[in-house]
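In what follows, a structure is listed as structure tokens, so that the remarks can point back to it.
The values are calculated or read from the model by the stated rules, or taken from the named source; none is laboratory data. On a predicted model such as this, the values are computed, not experimentally measured, just so you know. Methodologically, a virtual Cβ is constructed for each residue, glycine included, from the backbone with ideal geometry; neighbour enumeration extends over all protein chains shown.
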Amino acid sequence: MDSQYKKELLAKDRQYVWHPFTQMKDYAEQDHLLITRAQGIELFDAEGKAYYDTVSSWWCNVHGHGNPRIKAAIQRQLDQFDHIMFSGLTHQPGIELAEKLVHITPEGLSKVFYSDNGSTAVEVAIKMSFQYWQQIGRTSKTGFVFMENSYHGDTIGAVSVGGVDLYHAMFKPLLFSAHRVPSPDVRVLGSARTPEREAALVADALEAVRALFQERADTIAGIIVEPMIQAAGGMVIYPAAYLAGLRELCAQYDVHLIADEVATGFGRTGTMFACEHAGISPDILCVSKGLTAGMMPLAATLCREEIYAAFYDDYATQKTFFHGHSFTGNPVACAVALESLRLFEEEGVLEQSHRAATELSSQLRAFAALPQVADVRQIGMIAAMDLYKDAASRTPFGSGTRIGNRIYQAGLEEGLILRPLGDTIYYWLPLSTTPEQVVEITERTLRVFQRVLGS
Ligand SMILES: Cc1ncc(COP(=O)(O)O)c(C=O)c1O
């Protein structure tokens, strides 16, 4: 790109744009990275420099950027028709995608309600669960439960069931109140971690849920959970036994289990859906991000037949689910999602990602040996580690150090888009990442650590 044009664009970026999750003052003197091209797992800036997209463009991208089959699917759909509303009208990509989702998601989910981003998929789940209990006459079941450290999106309902104070505390006066239960964060065990201690920690976390349900289940509609990994809360990977235990408690006390697989769905954790690690099926499932392989905005909330049935009646009974968005079931996005799922079936996407994940786990050993690194963890194509001034004693870098931000900046110089969460450095790799690229990415990251941490 012409350097004068680049300068003008970045000046207008400062003048007109407010970026998400960004302290804009950080960019008063320093430019945002201007991306002009993306191919495979690489992004290219205005000078043509390549960067590995190690966070899959906010955990969305699955098959790499610019996949030719997906581009062709977009074109095919646009040649037929673009966006149409999804109320009173229907269309083939929306119908066939719903059928496919019902078949590939955990057993028992039978109806698909579309929306257009992860937060709205969660809003839909909350409203659906709430209205269900009203309509079957159990009107006191109005409350929701969430886990400490959880993140379910940025709209007001999703924030109400959010457990990350940095993002959520400010909005407390706007939120509905919900019950917070402990996270089974096994990192607290540190070097004392054994299978027995881990099992005890899970049992304690489940006991807190059981005690709450025992006392209050008649006032609780549902519990929402990020299966297997609390992502935005610091990439906290927890044991599958917790999820299995939650499933049992929800069945025992008649509480909806809402699985938020917005981040984990579509192969990211090594299985198509993270719930599969625990062999469980939720009552309501939220998906987005990887649904369209990260190419188009689309989300879906799936539910069991008995939930749907509570809304199905004569119009005059007023049981309609009055919820919808302008772009609900966008046909182009649905066509993209269908093509992405065909890629999964026809091109062995999960199997290829398993090979890359195996390479990733052997590369991670080098990080575990560093004196500033603790709790190196991995599930499928997601890996994370926490940085400390001294990992052995868990002495943190001071908050003013902004070590994560320094890693991000140094990563750019090495051709890596790393996007740390505080002092947690993580990879959230596209499933198309090859084992060779995994080696390249981890070697570059080690160089970044050496530069910033001196390790
Ligand atoms: C588990 C989870 N739920 C919901 C969301 C919100 O999705 P969106 O950003 O599309 O609104 C996210 C986003 O990161 C997420 O990780």
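Against the list (1) in contact with a Leu (Cβ under 7 Å, 6 or more places away or on another chain); (2) within 25 Å of His354 (Cβ to Cβ), the condition Gly245 fails is (2).
What about His152, is it free of Cβ contacts under 8 Å to residues at least 24 places away in the same chain and either over 24 Å from the mean Cα position of the chain (by Cα) or buried (at least 16 other Cβ atoms within 10 Å of the Cβ) (or both)? For His152, the condition - free of Cβ contacts under 8 Å to residues at least 24 places away in the same chain and either over 24 Å from the mean Cα position of the chain (by Cα) or buried (at least 16 other Cβ atoms within 10 Å of the Cβ) (or both) - is not met. The residue that is surrounded by the most Cβ atoms within 10 Å (Cβ to Cβ), counting only those in segment 89-130 that are of a type in the set (Val, Ile, Thr) and in contact with a helix residue (DSSP H, G or I) (Cβ under 6 Å, 6 or more places away or on another chain), is Val122.
Determine whether Asp375 is farther than 24 Å from Cys60 by Cα, in contact with a strand residue (DSSP E or B) (Cβ under 6 Å, 6 or more places away or on another chain) and acidic (Asp, Glu). Judged against the criteria, Asp375 is a match.
On inspection, Gln77 passes the criterion of being modelled with pLDDT of 95 or more, among the polar types (S, T, N, Q), away from the ligand (no atom under 16 Å from the Cβ) and more than 22 Å from Glu414 (Cβ to Cβ).
Checked against the criterion of being at pLDDT below 95, away from the ligand (no atom under 16 Å from the Cβ) and touching a helix residue (DSSP H, G or I) at 6+ places or on another chain (Cβ under 8 Å), the candidates Leu206, Leu189, Leu201 yield just one match: Leu189.
For the subset of segment 244-265 comprising residues that are crowded, with 24+ Cβ neighbours inside 10 Å and assigned to a helix (DSSP H, G or I), which member is farthest from the ligand (Cβ to nearest atom)? So that I can check it myself, show each step before the final result.
Going through segment 244-265, the residues crowded, with 24+ Cβ neighbours inside 10 Å turn out to be 246, 250, 255-265.
Going one step further and asking which of them are assigned to a helix (DSSP H, G or I), we end up with 246, 250.
Working: Leu246: 16, Cys250: 18 Å.
By that ranking, first place goes to Cys250.
Is there a residue being at pLDDT 95 or above, surrounded by fewer than 22 Cβ atoms within 10 Å (Cβ to Cβ) and closer than 22 Å to Leu298 by Cα anywhere in segment 131-145? Within segment 131-145, none of the residues are at pLDDT 95 or above, surrounded by fewer than 22 Cβ atoms within 10 Å (Cβ to Cβ) and closer than 22 Å to Leu298 by Cα. Select from segment 25-70 the residues that are touching a His at 6+ places or on another chain (Cβ under 9 Å) and without any contact (Cβ under 8 Å) to a residue 60 or more places away in the chain and write down the one among them that is farthest from Ala263 (Cα to Cα). In this case the residue turns out to be Tyr27. Could you figure out which of (1) without any contact (Cβ under 8 Å) to a residue 60 or more places away in the chain; (2) more than 24 Å from Ser150 (Cβ to Cβ); (3) polar (S, T, N, Q) isn't true of Ser399? The failed condition is (2).
When the residues of segment 331-351 are filtered to those that are over 13 Å from Met272 (Cα atoms) and in contact with a Ser or Thr (Cβ under 8 Å, 6 or more places away or on another chain), the one that is surrounded by the most Cβ atoms within 10 Å (Cβ to Cβ) is Ala337.
With the condition kept exactly as written, say whether any residue in segment 298-319 is buried (at least 21 other Cβ atoms within 10 Å of the Cβ), touching a residue at least 24 places away in the same chain (Cβ under 8 Å) and part of a loop (DSSP other than H, G, I, E, B). Scanning segment 298-319, I find at least one residue that is buried (at least 21 other Cβ atoms within 10 Å of the Cβ), touching a residue at least 24 places away in the same chain (Cβ under 8 Å) and part of a loop (DSSP other than H, G, I, E, B), so the answer is yes.
Please go through segment 147-183 and pick out each residue that is within 12 Å of the ligand (Cβ to nearest atom), under 26 Å from Tyr242 (Cα atoms) and touching a helix residue (DSSP H, G or I) at 6+ places or on another chain (Cβ under 8 Å).
Tyr151, His152, Gly153, Asp154, Gly157, Ala158, Val159, Val161, Gly162, Tyr167
Number of residues in segment 122-137 that are in contact (Cβ under 8 Å) with a residue 40 or more places away in the chain, over 17 Å from Phe322 (Cβ atoms) and away from the ligand (no atom under 16 Å from the Cβ): the value is 1. Among the residues of segment 268-284, the ones that are within 20 Å of Phe344 (Cα to Cα) and either within 15 Å of the ligand (Cβ to nearest atom) or buried (at least 24 other Cβ atoms within 10 Å of the Cβ) (or both) come to 5 in all. Summed over segment 285-297, residues that are crowded, with 24+ Cβ neighbours inside 10 Å and part of a loop (DSSP other than H, G, I, E, B) total 4.
Trp59 fulfils the conditions (1) surrounded by 15 or more Cβ atoms within 10 Å (Cβ to Cβ); (2) not hydroxyl-bearing (Ser, Thr, Tyr); (3) not assigned by TED's automatic domain parsing to the domain that holds Ile417 except for a single criterion, (3).
Looking across Arg394, Arg355, Arg419, one residue alone is among the basic types (Lys, Arg), within 21 Å of Tyr238 (Cβ to Cβ) and either touching a residue at least 24 places away in the same chain (Cβ under 8 Å) or surrounded by 19 or more Cβ atoms within 10 Å (Cβ to Cβ) (or both). It is Arg394.
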